[in-house]
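The block underneath contains the structure these notes are about, expressed in structure tokens.
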Amino acid sequence: MFKTIRQYKSYTSKNVMAAAYILFPAAIFVLLVTMAFFGRNTEVQTFRTILTTFSIMVSVWASVVVCLSDRFNFGAFLSDKSRIGEIARTSSKGIKMIKSITLWDIFSRLLLIVISSAGIAVAGYIGHPDKGLKFAMMCILFILTCHLITSLLVWICRMIENQTISTLIYSFGILYFFPVALIFILPEEIIPSFIYTGAVIGQIILDVIVNSAGMLLLNRFIKREWYNDGKDRK
Amino acid sequence: MNYTDVITGKNINKKFGKFELDVPELHIPEGFSTALVGENGAGKTTLLNILGGIRRDNKGEVCYFGDKKIDDEGVMERIGFTGTKNYFLPHWNGNQIRELSDMLFDNFDKEKFDAICKSLNIDDSVFGAKAKSVSKLSDGNLMKLMLATVFARKTDLLILDEPASPLDPLMRDLLGDILRTYIAEGNGKRSILFSTHNISDMEDVTDYIIVMDDGKILEQGFVTDIKEKYVIVKGDGEASDELKKKMISVTSGKYGFEGMALAENTESFTGMNISFETPDLFKICVALLKQNSKLSMPVL
């Protein structure tokens, strides 16, 4: 893992990576728990606003990091048309590096989403033991949905080899965050707790499936590009 | 001449639609510089990509440094490869290429790379704090950068795809010196395989030559042997049909004709008003390639 972090360093500054992957989620976790502890007696709506704001921050962070890592790290080895730079093919380490960077990218994102979500859940429970946890589940659901959609679209971008569509998807990615209004519209009481729990687990599974499928596709793509291509090229 | 192979290929085959690269046997001698020559589309890049391990979708077997395969430990580290396109991705800059090469190859020397970039006078706008991407570089500077990444490594075999094509005459001359020094300092253990269209410019660096046409090898051998194998035939007026049959290629002009023939057939020209000359590599290659070429003089 540390070797892969060293590889990241080459394309994105150490500070940016540290902020993106470690400082930001850690700060969210600490801030949420602290605010929840000191804001135990605030009214429910104020507390909901705080949690929602943090959920949006985490969602934006997760989605932006997906796109950033795509451009700076994944993109460091693959061109816009997803061709592997020849220099990487002339090294025995090249393909292994592409795979390890992508794996580390997925693993770190999912891990840090879990940390941030745990922060929201803990904050929700501390803040309002009766309603807070349920509301925190709604927020986590929202974060996971944003991450899932962004991951799905980024993987599509990586595979479709169309820069215009990729740019559109990246540019309008922020639109995914509008459903946040639902958190305020829907009172948490209308849905039983087990549905929230089920939905969160379902979302995590879907997220893992999307990213694993992406990895498998990448693997297949590398094989196609390296071992089986050239049907129409010399 | 006794030599061992640095690369041995058997039944290398790759099809693209109507094109077929078919090389039943390939020997690249160790300790020498080998030039791969052929028309555009002859399959030179495909063959070099297969030999460089860039593509693996071919049939056949390729061995390196004896009986080692490309994925055997340390083999890729010993090979320096430069391609013609897609070698670097267009959005990379010089700093990233330096870092990336250091990550990809254990034998990459960063300081040596810097020194080579300086001595090759590579456009320094791709380095430093506000480094531009390599897509902004001219073809010549891009090739120099590719060569710098390869020369900054300790290798025993260089596979270079048209290294001289985008270079100016001065740099081409320097490249010749670099390649000669590379071979000389290797004490018979370093080898080079390069493709080129600039046969005359690269003749001084060429010990062994492979001539390709339409995916097949037309001729291969040491330059000294090849030069002894062929002769230039010159004569006044128009070449007779009988004469044409004995020659590999003939070109007629205002003041007579010139063609190429096998040196072993010179006795059959006895009694004809012709003269013989020793050919240079360029003329041999042109004559060999003309046999099957679809090129013809357009009406201007």
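The values are calculated or read from the model by the stated rules, or taken from the named source; none is laboratory data. Small disclaimer: the values here were computed from a predicted structure and weren't measured. When we count neighbours, we look across all protein chains shown, and the Cβ atoms used for this are built from the backbone with ideal geometry, even at glycine.
Here are a few things to note about the model shown:
- The set of residues in the range B:75-117 being surrounded by fewer than 16 Cβ atoms within 10 Å (Cβ to Cβ) and under 24 Å from the mean Cα position of the chain (by Cα) consists of B:85 alone.
- The range B:203-226, residues that are of a type outside the set (Ser, Thr, Tyr) and in contact with a helix residue (DSSP H, G or I) (Cβ under 7 Å, 6 or more places away or on another chain): B:203, B:204, B:205, B:207, B:209, B:211, B:212, B:213, B:218, B:219, B:223, B:226
- Of the listed requirements (1) outside any loop (DSSP other than H, G, I, E, B); (2) touching a Lys or Arg at 6+ places or on another chain (Cβ under 9 Å); (3) closer than 30 Å to residue B:4 by Cα; (4) not small (Gly, Ala, Ser), residue B:279 misses just one: (1).
- When B:167, B:175, B:158 are screened for being closer than 25 Å to residue B:35 by Cα, assigned to a helix (DSSP H, G or I) and in contact (Cβ under 8 Å) with a residue 12 or more places away in the chain, only B:175 passes.
- Only one of the numbered conditions (1) buried (at least 18 other Cβ atoms within 10 Å of the Cβ); (2) not assigned by TED's automatic domain parsing to the domain that holds residue B:9 is violated by residue B:241, and that is (1).
- The number of residues in the range B:31-49 that are surrounded by 19 or more Cβ atoms within 10 Å (Cβ to Cβ) and over 14 Å from the mean Cα position of the chain (by Cα) comes to 0.
- Residue match in the range B:198-220 (condition: part of a strand (DSSP E or B), charged (D, E, K, R) and closer than 21 Å to residue B:3 by Cα): yes
- Here residue B:38 clears all of (1) in contact (Cβ under 8 Å) with a residue 60 or more places away in the chain; (2) within 9 Å of chain A (Cβ to nearest Cβ) except the condition numbered (2).
- Of all the numbered requirements in (1) crowded, with 16+ Cβ neighbours inside 10 Å; (2) closer than 20 Å to residue B:83 by Cα, residue B:23 misses one, and that requirement is (2).
- Residues in the range B:45-84 that are more than 7 Å from chain A (Cβ to nearest Cβ) and basic (Lys, Arg): B:59, B:68, B:69, B:78.
- Test set (1) modelled with pLDDT under 80; (2) more than 11 Å from the chain's Cα centre (by Cα); (3) in a helix (DSSP H, G or I) - residue A:154 fails condition number: (2)
Yes/no matrix, rows are residues, columns are (1) modelled with pLDDT under 80; (2) under 25 Å from the mean Cα position of the chain (by Cα):
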| site | (1), (2) |
| --- | --- |
| B:249 | no, yes |
| B:252 | no, no |
| B:258 | no, no |
| B:262 | no, yes |
| B:266 | no, no |
| B:274 | no, no |
| B:280 | no, yes |
| B:289 | no, yes |
| B:294 | yes, yes |
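- Residue match in the range A:14-26 (condition: under 20 Å from the mean Cα position of the chain (by Cα), modelled with pLDDT of 75 or more and either more than 12 Å from chain B (Cβ to nearest Cβ) or more than 24 Å from residue A:111 (Cα to Cα) (or both)): yes
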